[in-house]
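**Q** Here it is, the structure in full.
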Amino acid sequence: MSSDCLFCKIVAGEIPADVIYESDTAVAFRDINAQAPTHALVIPRKHISTINDIEPEDQAVIGSLYIAAKEIAAEAGIADDGYRAVMNCNEGAGQSVFHIHLHVLGGRTLSWPPG
Ligand code: AMP
């Protein structure tokens, strides 16, 4: 845990969040500023700041984020219509919280490429 990390505090239950999924390695909660009818953030319990900080031993943890994403999509009823699972890396791509998180977005038509 990183003591000054917002998402570590959510994992620890120190800051409230609308948690919708938990596993041994991942937690997911609703984004506070939803950009689509379904907008969840899937995070590893382990503090990893950016994609650039992922190590080979994190492979199973990273895989577990996608297992969470597909289960959230199925639960939300958007799995068949389609959804996006995307992770921003560093400020230039829009990352604002430096604990990696997979955005799971769906429930509306999503354009491509993203802005
Ligand atoms: P990013 O800009 O890719 O780093 O995404 C960070 C996301 O975290 C944004 O979509 C924010 O709306 C969301 N966010 C920030 N603080 C919270 C919070 N306390 N609970 C839920 N979502 C949050």
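The values are calculated or read from the model by the stated rules, or taken from the named source; none is laboratory data. A quick note: this is a predicted structure, and the numbers were derived from the prediction, not measured. Cβ: placed from backbone, ideal geometry, glycine included. Neighbour counts: every protein chain shown. Each accessible area value is taken on the protein alone, full model and side chains, heavy atoms only, with ligands, DNA and RNA left out. Shrake-Rupley method; radii C 1.70, N 1.55, O 1.52, S 1.80 Å.
**Q** Return yes when Asn33 is closer than 17 Å to Ile10 by Cα and more than 12 Å from the chain's Cα centre (by Cα) and no when it is not. I'd like the intermediate steps shown before the answer.
**A** Working: closer than 17 Å to Ile10 by Cα: yes; more than 12 Å from the chain's Cα centre (by Cα): yes.
Yes: the conditions hold for Asn33.
**Q** Residue under question is Ser2, and the condition is that it be in contact (Cβ under 8 Å) with a residue 60 or more places away in the chain and in a loop (DSSP other than H, G, I, E, B); does it hold?
**A** Values: in contact (Cβ under 8 Å) with a residue 60 or more places away in the chain: yes; in a loop (DSSP other than H, G, I, E, B): yes.
It is true that Ser2 is in contact (Cβ under 8 Å) with a residue 60 or more places away in the chain and in a loop (DSSP other than H, G, I, E, B).
**Q** Please find, within region 1-22, the residue that is most open to solvent (accessible area, probe 1.4 Å) out of those that are away from the ligand (no atom under 11 Å from the Cβ) and touching a helix residue (DSSP H, G or I) at 6+ places or on another chain (Cβ under 6 Å).
**A** Among residues in region 1-22 that are away from the ligand (no atom under 11 Å from the Cβ) and touching a helix residue (DSSP H, G or I) at 6+ places or on another chain (Cβ under 6 Å), the one most open to solvent (accessible area, probe 1.4 Å) is Met1.
**Q** Go through region 23-42 residue by residue and tally those that are among the charged types (D, E, K, R) and either open to solvent by less than 20 Å² (accessible area, probe 1.4 Å) or over 16 Å from Ala85 (Cβ atoms) (or both).
**A** Taking region 23-42 and keeping what is among the charged types (D, E, K, R), we get 24, 30-31.
In the following step, the residues that additionally are either open to solvent by less than 20 Å² (accessible area, probe 1.4 Å) or over 16 Å from Ala85 (Cβ atoms) (or both) were identified as 24.
Number satisfying all stated conditions: 1.
**Q** While we're on this one: I'm told Ala40 meets every condition in (1) closer than 23 Å to Glu71 by Cα; (2) small (Gly, Ala, Ser); (3) more than 12 Å from the ligand (Cβ to nearest atom) except one. Can you identify the failing condition by its number?
**A** Result: Ala40 fails condition (3) only.
**Q** Out of the residues in region 64-97 meeting the condition of being on the phi > 0 side of the Ramachandran plot and without any contact (Cβ under 8 Å) to a residue 40 or more places away in the chain, tell me which one is nearest to the chain's Cα centre (by Cα). Break it down stepwise before answering.
**A** Going residue by residue through region 64-97, those that are on the phi > 0 side of the Ramachandran plot are 77, 82, 90, 94.
If we keep only those that are without any contact (Cβ under 8 Å) to a residue 40 or more places away in the chain too, we end up with 77, 82, 94.
On the way: Gly77: 18, Gly82: 17, Gly94: 14 Å.
Filtering region 64-97 for residues that are on the phi > 0 side of the Ramachandran plot and without any contact (Cβ under 8 Å) to a residue 40 or more places away in the chain, the one nearest to the chain's Cα centre (by Cα) comes out as Gly94.
**Q** Tally the residues that are buried (at least 18 other Cβ atoms within 10 Å of the Cβ) and either within 14 Å of the ligand (Cβ to nearest atom) or at pLDDT below 95 (or both), restricting the search to region 45-73.
**A** Going through region 45-73 one residue at a time, the tally reaches 2.
**Q** Here's a check for you: in region 97-107, which residue that is under 15 Å from Asn52 (Cα atoms) and assigned to a loop (DSSP other than H, G, I, E, B) is nearest to the ligand (Cβ to nearest atom)? Explain how you work it out, then say what you get.
**A** Taking region 97-107 and keeping what is under 15 Å from Asn52 (Cα atoms), we get 97-102.
Keeping just the survivors that are assigned to a loop (DSSP other than H, G, I, E, B) gives 97-101.
Values: Val97: 4, Phe98: 8, His99: 9, Ile100: 9, His101: 6 Å.
Among those that are under 15 Å from Asn52 (Cα atoms) and assigned to a loop (DSSP other than H, G, I, E, B), it is Val97.
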